[in-house]
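Worksheet for the structure shown next.
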Amino acid sequence: MTIKAAVFASGAGSNFEAIMEANDLKCKISLLVCDKPGALVIDKAARYGIPTLVFNPKEYGSKSEYEEMIHRHLQHYGISWIFLAGYMRLIGDTLLNEYESKILNIHPSLLPFFPGKDAIGQAYDAGARETGVSIHYVDAGMDTGPVIAQESVMIEENDTKEKLKERIQKVEHQLYPTVINQVLSNKVR
Ligand code: GRF
């Protein structure tokens, strides 16, 4: 039976696109969930013909209220896995309980270093020599769940934040689909 997954994203959607373009992905991306009306990723989903749930969290009384709404959509589409790709929001108890150990996130640093927003800028401004990409299971904290895979990216002497971001994203686009496939084939515990 085909495994159905949803991508949650709020931004440009380059990781969403990389997942969509991956060869032999072991699941079908059946829904995009986006909390930012107007985000570029919405147009990308439309180009791939992927149904999109766009919502504004401010229109809900609480996280559990909008997560219950999201959950109804996930059920409707038969979603069993969630891949966060630039979804800038903590996942709450409602989805964590329904999708225990079934939510992955990609983060542009070698966790536990530089969690949270602007991880690339944080590493660059700290003068780190090395940063990278982490893929981890999602828990209630900010980028704190168990790490599944990491790949490092060196920060060169004449780097700019933009050049560093380009190299990090190149790694992200390879690593995320690869790790998704490993997790879905039970090659990771
Ligand atoms: C990526 O760098 C990802 O690691 C982080 O948010 C960024 C999303 O970029 N969580 P994009 O929208 O996939 O281009």
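Remarks
- Full extension of the chain between Phe55 and Leu25 gives 8.1 nm of extra length, using 0.36 nm per residue less the Cα-Cα distance.
- Whole-angstrom gap from region 1-78 to region 81-113, using each part's C-alpha centre: 13
- Computed from Cα positions, the angle between helix 161-184 and the longest principal axis of the chain comes to roughly 50 degrees.
- In percent, rounded to a whole number, the relative contact order of region 52-167 is 21, using alpha-carbon pairs under 8 Å and six or more apart.
- Percent breakdown of C-alpha pair distances by 5 Å bin, ordered from the shortest bin, for the chain: 1, 8, 17, 21, 21, 16, 10, 5, 1, 0, 0
- Which listed pairs, of Lys44/Lys170; Lys36/Lys163; Lys26/Lys187; Lys117/Lys161, have C-alpha distances above 20 Å, in listed order: Lys36/Lys163
- Least to most buried among Ile3, Ile106 (fewest other Cβ within 10 Å first): Ile3, Ile106
- Surrounding net charge for Arg167, when Lys and Arg each add one and Asp and Glu each subtract one, Cβ distance under 13 Å: -3
- For the listed peptides 167-176, 69-78, a ranking on the average number of other beta carbons within 10 Å per residue, highest first, reads 167-176, 69-78.
- Angle of helix 63-76 to the longest C-alpha principal axis of the chain, folded into 0 to 90 degrees and rounded to 10: 70°.
- With a Förster radius of 30 Å applied to the beta-carbon distance between Leu184 and Met154, the computed FRET efficiency rounds to 0.50.
- With both residues required to sit in the chain, DSSP beta bridges show an antiparallel share near 40%.
- The relative contact order of region 78-117, computed from alpha carbon pairs under 8 Å that lie at least 6 residues apart in sequence, is 46 percent.
- Ordering of 135-145, 20-30 by packing [mean C-beta count within 10 Å, highest first]: 135-145, 20-30
All of the numbers you see were taken from the coordinates with simple rules; none came from a lab. Keep in mind that what you see is a predicted model, and the values were worked out from it rather than measured. Don't worry about glycine lacking a Cβ; one is built from the backbone with ideal geometry, like all the others, and counts go over all protein chains shown.
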